[in-house]
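Trainee: Sending over a structure as structure tokens; questions will come in a sec.
Values in this text are rule-based calculations from the coordinates and carry no lab data. Note that the structure is predicted; figures quoted are calculated from it, not measured. Cβ coordinates were reconstructed from backbone atoms using ideal geometry, including for glycine residues, and neighbour counts include every protein chain displayed.
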């Protein structure tokens with residue numbers, strides 16, 4: 001095994017590997033650390049190119065113990081597609097191709113794998129939709145009971161999908177952090193293991209594979225900027241960690257993309273903290289947005305998100321609902337890709353960054369579409385047709 005230890009993301013306090021962990025004693029996320037010199041010996045570009053193209057090809061930089069097989073539903077490398085109809089040099093990594101239709105599959109595959117290894121019998125989390133479906137699916141695969149609590153605004157298809165996998169699903173009259181409080185209380189009582197965003201160390205390790213993949217797919221040259229839909233921010237934090245690990249094993253150099261955390265104007269705690277120069281983000285009251293995946297009033301890893309954005313000379317930007325919806329429509333029409341609302345948010349964020357001069361048109365920019373657009377409500381623009389009297393010229 002390549003894991004050496006875990007450490008508190010705030011204090012650096014070390015924790016022993018091979019044990020069940022939640023948050024650190026300081027109440028902050030734990031980060032998995034590896035023997036990067038050992039990993040460097042086998043993680044070569046040539047060897048990676050010969051491996052099966054799944055997230056598990058990065059085993060040296062994942063917390064899988066020796067001899068442990070992952071709980072897998074066949075997690076492929078997701079494609080990077082050009083959005084030439086929208087703009088030159090604009091790319092999107094389409095995470096909707098993963099099992100359960102979203103990038104939540106990456107983190108939950110890793111977390112459930114470790115939970116099975118530690119013989120955890122029951123897991124729970126709060127969710128705005130896709131994380132719950134992924135936990136339920138991988139839990140079913142692993143034979144682990146799952147409990148999911150989601151806000152009332154969660155898309156109905158997500159709620160039904162999660163229940164279809166056998167989870168106990170509860171729809172609650174509050175925001176995701178309030179649902180998380182209930183999950184945390186149950187974990188403290190020993191009812192289940194709390195698998196909330198960044199409250200255990202392994203979802204982050206699965207999500208960081210996005211950074212590994214995009215580096216290899218772009219021939220080991222990172223883009224000028226990455227725009228990421230930011231709620232809990234696990235993927236943004238994970239990719240920032242992934243780039244350091246890739247450099248340490250000799251796969252990339254010190255260059256880094258500017259990281260842009262994109263939020264909805266109706267729930268933008270990270271943007272507010274970034275603009276104010278704060279290290280932590282206060283809870284956002286009255287959170288509301290069509291992009292439910294980024295409707296997170298309070299993120300456990302707020303300081304890690306802000307740290308990555310600032311260290312990269314990036315920015316945190318908020319976009320309004322009209323811009324989000326318009327972006328989804330535009331990309332579907334111009335490029336044939338149906339983005340989820342959160343994917344629409346990052347397109348809108350890129351447009352805003354262009355207006356503000358934060359990115360240039362000739363820069364290579366990578367956006368993230370975090371889920372399949374078919375999982376969300378769409379406007380009905382069909383037209384009725386009476387076939388008995390219809391003529392082709394009527395169409």
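Trainee: What is the Cα centroid distance between region 119-156 and region 254-271, reported in whole angstrom?
Mentor: That distance is 26 Å.
Trainee: Here is a follow-up. Out of the DSSP beta bridges found with both residues in region 219-323, what percent are antiparallel (nearest 5)?
Mentor: If we restrict to bridges inside region 219-323, about 10 percent are antiparallel.
Trainee: Is the C-alpha gyration tensor of region 192-243 telling us rounded, prolate or oblate? Criteria: a/c under 1.5 is rounded; beyond that, a/b larger than b/c is prolate, otherwise oblate.
Mentor: In terms of gyration-tensor shape, prolate.
Trainee: How do the peptides 293-301, 18-26 rank, highest first, by the average count of neighbouring beta carbon atoms within 10 Å per residue?
Mentor: By packing density, highest mean first, the sequence is 293-301, 18-26.
Trainee: To continue, here is another question. Determine, for each peptide in 365-378, 309-322, the mean count of other beta carbons within 10 angstrom over its residues, then list the peptides with the highest first.
Mentor: 365-378, 309-322
Trainee: Another question, then. Which of rounded, prolate, oblate describes the chain, given a ≥ b ≥ c as roots of the alpha-carbon gyration tensor eigenvalues and a/c under 1.5 marking rounded, otherwise prolate only if a/b is larger than b/c?
Mentor: rounded
Trainee: Sticking with this structure for a sec: Taking only C-alpha pairs under 8 Å that are 6+ residues apart, what is the relative contact order of the chain in percent?
Mentor: Answer for the chain is 17 percent.
Trainee: On to the next question. I want the antiparallel fraction of DSSP beta bridges within the chain, as a percent rounded to 5.
Mentor: 30 percent
Trainee: So, one more: Distance from the Cα centre of region 286-359 to that of region 24-98, in angstrom?
Mentor: Each part reduced to its Cα centre gives a spacing of 23 Å.
Trainee: Going by a ≥ b ≥ c, the root eigenvalues of the Cα gyration tensor, does region 279-370 fall in the rounded group (a/c under 1.5), the prolate group (a/b larger than b/c) or the oblate group?
Mentor: oblate
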